[in-house]
1. Can you name the residue in segment 297-308 that is surrounded by fewer than 17 Cβ atoms within 10 Å (Cβ to Cβ) and either within 13 Å of the chain's Cα centre (by Cα) or in contact (Cβ under 8 Å) with a residue 60 or more places away in the chain (or both) and, of all such residues, is farthest from residue 116 (Cα to Cα)?
2. Among the listed residues 206, 200, 217, which satisfies the condition of being surrounded by fewer than 19 Cβ atoms within 10 Å (Cβ to Cβ), modelled with pLDDT of 95 or more and under 17 Å from residue 161 (Cβ atoms)?
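The values are calculated or read from the model by the stated rules, or taken from the named source; none is laboratory data. The shown structure was predicted, so the numbers you read here are calculated from the model rather than taken from an experiment. Note that we place each Cβ from the backbone using ideal geometry, even for glycine, and neighbour counts take in every protein chain shown.
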C-alpha cells in the first residue's frame, strides 16, 4: 500500500481532517495511529478475503497516512493465520481479515491458540455472503416448505452438494435437515464450483451458496430461500428463510476485521469508527455488492453478539454433524 504524506492526507481529507476521518477527539488524533499497520490475511491471494483486504487496506492507508502491509498466512482453513495473529502485539496495529468461521466454526473443529469469546474482537460487518438454498427443478418443489414435505415422503433421497465437510454449506444442510425434521444426504466435492455443477447435472439435488444466483436467474435452479431474515438484492424474488417459514437464526457467512481483545477499548472504538466510515461510502458499498456481499453497518456490541450467537448455534450443528473437536 502507498503511504500518504501528512500534507497530502490533510489536503485529501479536506474539512474533515484526520480526526474527522477517524472519529477521534482532537487530543487523541496524534496518539493513534503513530505507525504502520500489519494486515494478516489467513487465505491465499485472489479470493474474497484478499479482495476485501485490498479495498480496506487502501482506504485505511488513505485515512491514516500510514502503510497497511498485507501479510499472507494461509492454511488449515484459516487456523494457521489466526494462530500466527495471536502472537502479534495487541496494540491495534495488527489486523486480521476474518469471517465468522473464526468465531463459530474453526475453534470447534480445529486446534487453535485462541478462545473466540475472550481473545478476538470483530470490529465491523464488512458484509454478509448470502447463503442461497437452491434446488434442481427435477425435484418439483418451489418453496422451502414444499421441500420439507417432499423430503419427509422421500427420506434420504435428497442429496446436497457442498465444497467440503465442515464448511458453512455443509452446516447449512445440517440446519435444513434439523429445521425440517428430514434426512438429507451430504456429498462433499472439491470446491464450490464442482458442487454447483453436481447440482446442475443431477448428481445432487440441492446446493447452498451465493454461486447459485446466476443459475437461479437463468431458470436452471429454483431459489427456495436466502438464509437469515433479509432478502438479497441479487435475488430479490427469493424470500429469506424467515419469510419462508423458518424463524430465528440461520447459518450465515460474514466478513469482518478482527483485532486482539486486549487492544485498548478506545483504540478498538477508533478503528471501528474509521472502518465503518469507509464502509459507508457509496463506492465501497458498490464494490462489495459486486463481490456478492450484502454490506451493512454494525457497531462493536452488535458484532460481539453476532460472534457469540454463531459460536453457540454453529456449535450445535457441528455436534450434530459429528465434527466437534475431541478434547
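1. 297
2. Result: 200 is the single residue among 206, 200, 217 that is surrounded by fewer than 19 Cβ atoms within 10 Å (Cβ to Cβ), modelled with pLDDT of 95 or more and under 17 Å from residue 161 (Cβ atoms).
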